[in-house]
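Engineer: If you scroll down you'll find the structure; I have some questions about it.
The values are calculated or read from the model by the stated rules, or taken from the named source; none is laboratory data. Note that the coordinates shown come from a computational prediction; the quantities given were computed from them, not determined experimentally. Heads up, the Cβs are rebuilt from the backbone with ideal geometry, glycines too, and the neighbour counts pull from every protein chain shown.
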Amino acid sequence: MIHIAYVIPTLDQSGAERQLTLLASSLPRATYAVRVIALQRGGPYLKSLTDVGIDVRVLGKRFRLDPWTLYRLRQELRSFQPDIVQSFLFAANSYVRVPGITPSTAKIVVSERCVDSWKSGWQMRLDRRQIPRTNAMTANSESVADFYAGIGVPRDLITVIPNALPMAEPRYSRQQAREILGLTNDHRVVGFVGRLAPQKRLHDVIWAFQLLHQLVENARLVLIGSGPERDALSELATNFGCRDRVVFAEHREDAFALMAAFDAFILASDFEGMSNSLMEAMSLGLPCIVSDISANRELITDGETGLLFPLGKCPDLAKLAARVLLDTALADRLGQAARERIATQHKVGQMVAAYESLYRRLLNSSAS
């Protein structure tokens, strides 16, 4: 039996937490004993894990560097005696690599999920200092791998394992989702799901929509999510005179189901890892219009599985959105190809097999 401890800051409803839950829940029980440790708090995925019998511990971290949480993490790992400790996101990646926290017999795998250009100098320096205590790093896209190789992580230490997504139908019909959002069947809807944060460049989306609604009758924009830019985006829409056509749906646990209301999905980010929201939109057969950045190009082939627009070019975004909303044959073709890509290239079984291969390689190297 191989013991694996997964460590992550929270079990909130977000991308890294979802991928951890898929992985931990899908590993063969006859081969792996799994414990999940959330440093700070639980969240929606805590129930998902415990419902399938996975042992979850929540440590209640209060400060950036919390000695009590470090002590409790050390105790949890000592009692579990993992063969592999795999962490997700900066805080967990840092904590498991503090000397004396992880048992010396365990292999440490850190998981990076984004092109983390937001990191400050001290965070980058800490990442580099902890490389000697890292047995492997996983990245969910080639762009993330390239970013971390660029700051000094040896490329042969990095394994790229793309995100996975189980294919599922939303529990709301198109009409039900639109009723919840205050929309009618006559509306032509472009939408976004995610955090309302600067990296998502939603000011570009509002700017583009101000043009779009003049080109497409009954156009509406739906933003599902919360974040620090909520009020500024609402004010921008008001200044552009289109606030009454923009729906701010806030954070919703049924966000995936509400995407049934969309005619197209927009992602204007200036950096990503591998967007779970974009993958969900593709799995629903939505035509997707996304910024032309390396991470998005790993999912979207321009003109085949979606459309790319130059980063920050709002008129281009508006024109492409209008094309998709007005040309149903194009929208159907892009959406079907997008759905097929997710269904064939991002299966949960493929992701789990890739992690199992990495685990075996690490454990075989220690045995030899």
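Engineer: I'm checking my understanding of the structure. Among residues of region 188-211 that are surrounded by 20 or more Cβ atoms within 10 Å (Cβ to Cβ) and out of contact with any helix residue (DSSP H, G or I) (no Cβ under 7 Å at 6 or more places or on another chain), which one is farthest from residue 346 (Cα to Cα)?
Structural biologist: Looking at residues that are surrounded by 20 or more Cβ atoms within 10 Å (Cβ to Cβ) and out of contact with any helix residue (DSSP H, G or I) (no Cβ under 7 Å at 6 or more places or on another chain), I get 209.
Engineer: While we're looking at this one, here's another question. Would you mind finding the one in 330, 334, 284 that is among the hydrophobic types (A, V, I, L, M, F, W, C), surrounded by fewer than 23 Cβ atoms within 10 Å (Cβ to Cβ) and closer than 18 Å to residue 167 by Cα?
Structural biologist: 284
Engineer: Now a separate question. So which residues in region 75-94 are in contact with an Asp or Glu (Cβ under 9 Å, 6 or more places away or on another chain) and on the phi < 0 side of the Ramachandran plot, if there are any at all?
Structural biologist: Answer for region 75-94, where residues must be in contact with an Asp or Glu (Cβ under 9 Å, 6 or more places away or on another chain) and on the phi < 0 side of the Ramachandran plot: 80, 88, 90, 93, 94.
Engineer: What number of residues within region 197-221 satisfy the criterion of being closer than 16 Å to residue 271 by Cβ, part of a loop (DSSP other than H, G, I, E, B) and in contact with a strand residue (DSSP E or B) (Cβ under 8 Å, 6 or more places away or on another chain)?
Structural biologist: 1
Engineer: Only one of these is farther than 26 Å from residue 88 by Cα and within 18 Å of the chain's Cα centre (by Cα): 227, 191. Name it.
Structural biologist: Among 227, 191, only 191 is farther than 26 Å from residue 88 by Cα and within 18 Å of the chain's Cα centre (by Cα).
Engineer: Suppose we keep only residues that are among the small types (Gly, Ala, Ser) and part of a loop (DSSP other than H, G, I, E, B) within region 268-284. Which one would you say is nearest to residue 216 (Cα to Cα)?
Structural biologist: Taking the candidates together, the pick is 268.
Engineer: Here's another thing I want to ask about it. Exactly one of these conditions fails for residue 69: (1) among the polar types (S, T, N, Q); (2) surrounded by 17 or more Cβ atoms within 10 Å (Cβ to Cβ); (3) at positive phi. Give me its number.
Structural biologist: (3)
Engineer: Please determine, by comparing only the residues of region 229-267 that are assigned to a helix (DSSP H, G or I), in contact (Cβ under 8 Å) with a residue 40 or more places away in the chain and touching a strand residue (DSSP E or B) at 6+ places or on another chain (Cβ under 7 Å), which one is farthest from residue 43 (Cα to Cα).
Structural biologist: If we take residues in region 229-267 being assigned to a helix (DSSP H, G or I), in contact (Cβ under 8 Å) with a residue 40 or more places away in the chain and touching a strand residue (DSSP E or B) at 6+ places or on another chain (Cβ under 7 Å), then 261 is farthest from residue 43 (Cα to Cα).
Engineer: Could we say that residue 88 is modelled with pLDDT of 95 or more, crowded, with 22+ Cβ neighbours inside 10 Å and of a type in the set (Phe, Trp, Tyr) here?
Structural biologist: yes
Engineer: Right, something else. Determine if region 285-295 includes at least one residue that is assigned by TED's automatic domain parsing to the domain that holds residue 263, within 21 Å of residue 264 (Cα to Cα), modelled with pLDDT of 95 or more and in a helix (DSSP H, G or I).
Structural biologist: no
Engineer: I'd like to verify a number: residues in region 47-65 that are without any contact (Cβ under 8 Å) to a residue 24 or more places away in the chain and in a helix (DSSP H, G or I), how many?
Structural biologist: Summing the residues that are without any contact (Cβ under 8 Å) to a residue 24 or more places away in the chain and in a helix (DSSP H, G or I) in region 47-65 gives 3.
Engineer: Please go through region 66-82 and pick out each residue that is more than 15 Å from residue 36 (Cβ to Cβ) and part of a helix (DSSP H, G or I).
Structural biologist: Selection gives 67, 68, 69, 70, 71, 74, 75, 78.
Engineer: Evaluate the following for residue 87: is it out of contact with any strand residue (DSSP E or B) (no Cβ under 7 Å at 6 or more places or on another chain) and not in a loop (DSSP other than H, G, I, E, B)?
Structural biologist: Here the answer is no, as residue 87 does not meet what is asked.
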